[in-house]
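**Q** Before I ask anything, let me first share the structure, which is written out below as structure tokens.
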Amino acid sequence: MLYIFGGLPGTGKTELAKGLASAIGAVYIRVDTIEQSLKECGLSQLYDEGYRVAFALALENLKIGLSVVADSTNLISESRQAWVNVAKNAATTYKEIEIVCSDKLEHRERVENRISDIPNLNLPSWHSVVSREYQPWLTVDITLDTAGKTPSQSQQALLSLLNSFTNLE
């Protein structure tokens, strides 16, 4: 199974994706980690290279029977469809999971007070987050709103929603 996460920075997406990967023993692939590593290798102008590496790693792991949790913003439909294509190429199932924070003040506070767990990663400003093009996710299986919830409450809500679709691996 490929779990395709998406959502704006600061919504809780990474914490939820990591938690799911840990809970089900899945491979965890984070585009931010890949992109930061590429930058540290001297590639300063990235377009889709991080996503392309992530797609390849996910495909290899899915083909050998491992579940994969893919953590990226997936702002546009093309990146979301590319993840779906990875699952199809691996002949496996997938779930598209959008993480949102409907409370703008809470979301802004999260963005402005985050500390990166990736060394040297420059986190986006609130202005950068809200000015991004974010295309509506028309094929999403689950949308989870983390506003007003603790990380633990959000994790439990996610697991409950996923269990309503299928038995977690």
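The values are calculated or read from the model by the stated rules, or taken from the named source; none is laboratory data. The structure presented is a predicted model; accordingly, all values stated were derived computationally and were not measured. When we count neighbours, we look across all protein chains shown, and the Cβ atoms used for this are built from the backbone with ideal geometry, even at glycine. Areas reflect the complete protein model, heavy atoms only, side chains present, ligands, DNA and RNA absent. Shrake-Rupley method; radii C 1.70, N 1.55, O 1.52, S 1.80 Å.
**Q** Using all Cα-Cα distances in the stretch 1-85, what percent lands in each 5 angstrom bin from 0 up to the longest?
**A** Pair shares across the bins are 3, 15, 25, 26, 20, 9, 2, 0.
**Q** Going by average Cβ neighbours within 10 Å, how do the peptides 107-116, 129-138, 21-30, 7-16 rank, with the highest at the top?
**A** Numbers: 107-116: 14.1, 129-138: 12.6, 21-30: 17.1, 7-16: 22.8.
Order by mean packing, descending: 7-16, 21-30, 107-116, 129-138.
**Q** Given K63/K88; K13/K149; K95/K149; K13/K95, which pairs have Cα atoms separated by over 18 Å? Walk me through the intermediate numbers first.
**A** Details: K63/K88 11 Å; K13/K149 13 Å; K95/K149 22 Å; K13/K95 14 Å.
Violating the 18 Å Cα-Cα cut-off are K95/K149.
**Q** When the accessible area of the chain is split by element with a 1.4 Å probe, what percent falls to carbon and sulfur? Spell out each step's value before the answer.
**A** Working: 4610 of 8960 Å².
Of all accessible area on the chain, carbon and sulfur atoms account for 51 percent.
**Q** Which whole-percent values make up P(r) of the stretch 36-169 when all C-alpha to C-alpha distances are grouped in 5 Å steps starting at zero?
**A** Reading upward from the zero bin: 2, 8, 14, 19, 21, 19, 12, 5, 1.
**Q** How big is the Cα convex hull of the stretch 100-142 in projection, averaged over all directions, in nm²? List each step's numbers first, then the result.
**A** Details: hull surface 16.7 nm².
If you wrap the Cα atoms of the stretch 100-142 in a convex hull and average its projections, you get 4.2 nm².
**Q** Keeping all protein chains in place, calculate the accessible area per residue for the stretch 13-169 (probe 1.4 angstrom), answer in Å².
**A** Details: 8840 Å² over 157 residues.
Per residue, the stretch 13-169 has an accessible area of 56 Å².
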